[in-house]
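Below is one structure, written out as structure tokens; the observations come after it.
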Amino acid sequence: MKPTPKTSWNPERLDVRAFAQAGADLHADDPLTRFERLVAEAHAEDGQPALGSVTWQARGEMRAGASGGAPAVWLHLQADASIPLTCQRCLGPVDTPLKVDRWFRFVNDEATAAAEDDDCEEDLLALEPRPRLHDVLEDELLMELPLVPLHDTCPVPVVMQASDPMVGLEDKEPQRKNPFAELAKLKK
Ligand SMILES: [Zn+2]
């Protein structure tokens with residue numbers, strides 16, 4: 001007997017076992033601003049265009065367990081996003097595509113996941129407490145961030161020269177007294 005089709009799944013507290021048993025899927029297009037830890041990595045600048053969105057989908061599947069064991073709960077997660085990072089050469093924004101395509105096997109709880117993790121190649125997650133899909137997605141997206149974001153070709157030539165606004169600033173600054181010299185005077 002097939003389980004009753006469910007029309008609404010709660011991605012904030014997903015019953016992954018029921019989701020997999022139903023062979024269900026979920027997909028959405030969420031604003032990047034919903035992923036706070038990811039937004040913290042974004043290039044910040046006044047007048048910066050609004051951040052884009054994260055297109056994602058999740059699909060559940062039951063698979064035969066290893067060596068005739070109980071069927072296992074699997075979840076396939078895919079996501080596509082683009083985030084402006086700070087180019088480490090010119091310090092300007094560089095749009096960086098992020099792509100996630102991953103399968104997870106779910107086990108009963110976190111203790112089981114930790115115990116089995118060393119013995120298998122796949123990624124393990126716990127059924128309980130029920131996962132928040134956005135957190136799992138965000139963890140994966142964060143792992144896709146490049147260590148050193150760079151433009152293929154920077155839009156502006158990066159040459160430190162006299163026209164650099166920082167050069168020559170010290171000449172215009174009023175002479176500051178050496179605070180230690182002042183202190184030495186007071187001690188006398
Ligand atoms: Zn650059």
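Taking the range 116-138 as the region of interest, how many residues are under 11 Å from the mean Cα position of the chain (by Cα) and loosely packed, with under 14 Cβ neighbours inside 10 Å?
Taking the range 116-138 first, the residues under 11 Å from the mean Cα position of the chain (by Cα) are 134-138.
Those left that are additionally loosely packed, with under 14 Cβ neighbours inside 10 Å: 135.
Of the residues in the range 116-138, 1 are under 11 Å from the mean Cα position of the chain (by Cα) and loosely packed, with under 14 Cβ neighbours inside 10 Å.
Away from the ligand (no atom under 16 Å from the Cβ) and either surrounded by fewer than 16 Cβ atoms within 10 Å (Cβ to Cβ) or in a loop (DSSP other than H, G, I, E, B) (or both): is that true of LEU14 in this structure?
yes
When only residues in the range 73-100 that are farther than 22 Å from ASP135 by Cβ and among the hydrophobic types (A, V, I, L, M, F, W, C) count, which is farthest from the chain's Cα centre (by Cα)?
It comes out as CYS90.
Can you tell me which residue among ARG89, ARG59, ARG63 is more than 15 Å from GLU144 (Cβ to Cβ), in contact with a Cys (Cβ under 6 Å, 6 or more places away or on another chain) and charged (D, E, K, R)?
Residue meeting the stated conditions: ARG89.
Within the range 45-92, track down each residue that is within 16 Å of the ligand (Cβ to nearest atom), among the hydrophobic types (A, V, I, L, M, F, W, C) and part of a loop (DSSP other than H, G, I, E, B).
CYS87, CYS90, LEU91
Tell me yes or no: at least one residue of the range 95-106 is surrounded by fewer than 19 Cβ atoms within 10 Å (Cβ to Cβ), within 16 Å of the ligand (Cβ to nearest atom), modelled with pLDDT under 95 and not polar (S, T, N, Q).
Yes: one or more hits.
Looking at the range 107-188, what helices (runs of 4 or more DSSP H) fall wholly within it and have at least 3 residues that are modelled with pLDDT of 95 or more?
Because the criterion is at least 3 residues that are modelled with pLDDT of 95 or more, the helices (runs of 4 or more DSSP H) in the range 107-188 that meet it are 133-143.
Quick one: in the range 26-56, of everything that is of a type in the set (D, E, K, R) and under 20 Å from LEU147 (Cα atoms), which residue is surrounded by the most Cβ atoms within 10 Å (Cβ to Cβ)?
Top of the filtered list is GLU41.
The values are calculated or read from the model by the stated rules, or taken from the named source; none is laboratory data. Everything quoted here is computed from the prediction, not taken from an experiment. Here Cβ is always computed from backbone atoms with ideal geometry, including for glycine, and neighbour counts include all displayed protein chains.
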